[in-house]
1. For the structure I just gave you, tell me whether THR15 is in contact (Cβ under 8 Å) with a residue 24 or more places away in the chain, in contact with a strand residue (DSSP E or B) (Cβ under 8 Å, 6 or more places away or on another chain), among the hydroxyl-bearing types (Ser, Thr, Tyr) and at positive phi.
2. With respect to the numbered conditions (1) in contact with a strand residue (DSSP E or B) (Cβ under 7 Å, 6 or more places away or on another chain); (2) more than 23 Å from ARG92 (Cβ to Cβ), which one is the sole condition not fulfilled by TYR54?
3. Among the residues of region 44-92, how many are exposed (fewer than 15 other Cβ atoms within 10 Å of the Cβ), aromatic (Phe, Trp, Tyr) and modelled with pLDDT of 95 or more?
4. Quickly run through region 1-43 and pick out the residues that are surrounded by 15 or more Cβ atoms within 10 Å (Cβ to Cβ) and in a loop (DSSP other than H, G, I, E, B).
5. Which residues, taken from region 1-57, are closer than 19 Å to ASN124 by Cβ and among the small types (Gly, Ala, Ser)?
6. Taking the criterion of being more than 30 Å from ASN139 (Cα to Cα) and under 17 Å from the mean Cα position of the chain (by Cα), would at least one residue in region 25-44 satisfy it?
7. Kindly indicate whether any position in region 125-132 is of a type in the set (A, V, I, L, M), touching an Asp or Glu at 6+ places or on another chain (Cβ under 6 Å), more than 9 Å from THR50 (Cα to Cα) and surrounded by 15 or more Cβ atoms within 10 Å (Cβ to Cβ).
8. Does VAL66 satisfy the condition of being over 12 Å from the mean Cα position of the chain (by Cα) and within 19 Å of LEU96 (Cα to Cα)?
Amino acid sequence: MAFEDGFVVETKGFTDVLDVTPQVERAVSASGVQSGIVLAFTPGSTAGLTTIEYEPGAVSDLKDAVARIAPEGIAYAHDARWGDGNGFSHVRAALLGPSLSLPVRGGALVTGTWQQVVLVDFDNRPRSRRVEVQVLGVNRD
C-alpha cells in the first residue's frame, strides 16, 4: 500500500528549526499502514529535514554547528552569479539533505524517546515550506 500526503509550514528562514513530528505522525495514522516506512521530503534547495532532540539547547547547538560549517557573510560563487545572498543556505541544505526515512511499526512512527522530526529552513528570508509525505507498507486489517 502507498499513501501520499503533505503539509505546509511557515518559517522565518536563517536556520529556523521547526518540529514537524506531529504532521508526519498524522500522515502515518491516516495511511492505515501498520508496518512499513515513511518518507518525508521538502522540495527546494535551501531547506532540509533531520531528527534531533527538539529542545532549546540541542537546537541552538545545531544552529551553531551549521554556522561554523557554512557561515554567512563570506563569498559564495552562487551569490556572485545570482546576487541573492543565500549561497550559504544552499550549502547548508545540501549538507543536511532534503529527505528523511523512518520506520513504521504497529501503525506508528518509530522514533527514539527524545527524537523529533525537524524541518530546517536555511534561506535568508521567511518561506512557506511544503513537506511531502509518502507512507509505504502493509495494512494488516
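1. For THR15, the condition - in contact (Cβ under 8 Å) with a residue 24 or more places away in the chain, in contact with a strand residue (DSSP E or B) (Cβ under 8 Å, 6 or more places away or on another chain), among the hydroxyl-bearing types (Ser, Thr, Tyr) and at positive phi - is met.
2. (2) is the only condition that TYR54 fails.
3. Total meeting the criteria: 0.
4. Across region 1-43, the qualifying residues are GLY13, PHE14, THR15, VAL20, GLY32, VAL33, GLN34, THR42.
5. The answer is GLY13, GLY44, SER45, ALA47, GLY48.
6. Step one: list which residues in region 25-44 are more than 30 Å from ASN139 (Cα to Cα), which gives 44.
Cutting the leftovers down to under 17 Å from the mean Cα position of the chain (by Cα) gives us 44.
Checked against the condition, which is being more than 30 Å from ASN139 (Cα to Cα) and under 17 Å from the mean Cα position of the chain (by Cα), region 25-44 yields at least one hit.
7. Looking for residues that are of a type in the set (A, V, I, L, M), touching an Asp or Glu at 6+ places or on another chain (Cβ under 6 Å), more than 9 Å from THR50 (Cα to Cα) and surrounded by 15 or more Cβ atoms within 10 Å (Cβ to Cβ), one finds none in region 125-132, hence no.
8. Taking the combined requirement at face value, the residue satisfies it.
The values are calculated or read from the model by the stated rules, or taken from the named source; none is laboratory data. Fair warning: this is a prediction, and the values are worked out from it, not measured in the lab. We place every Cβ from the backbone using ideal geometry, glycine too, and count neighbours over all the protein chains shown.
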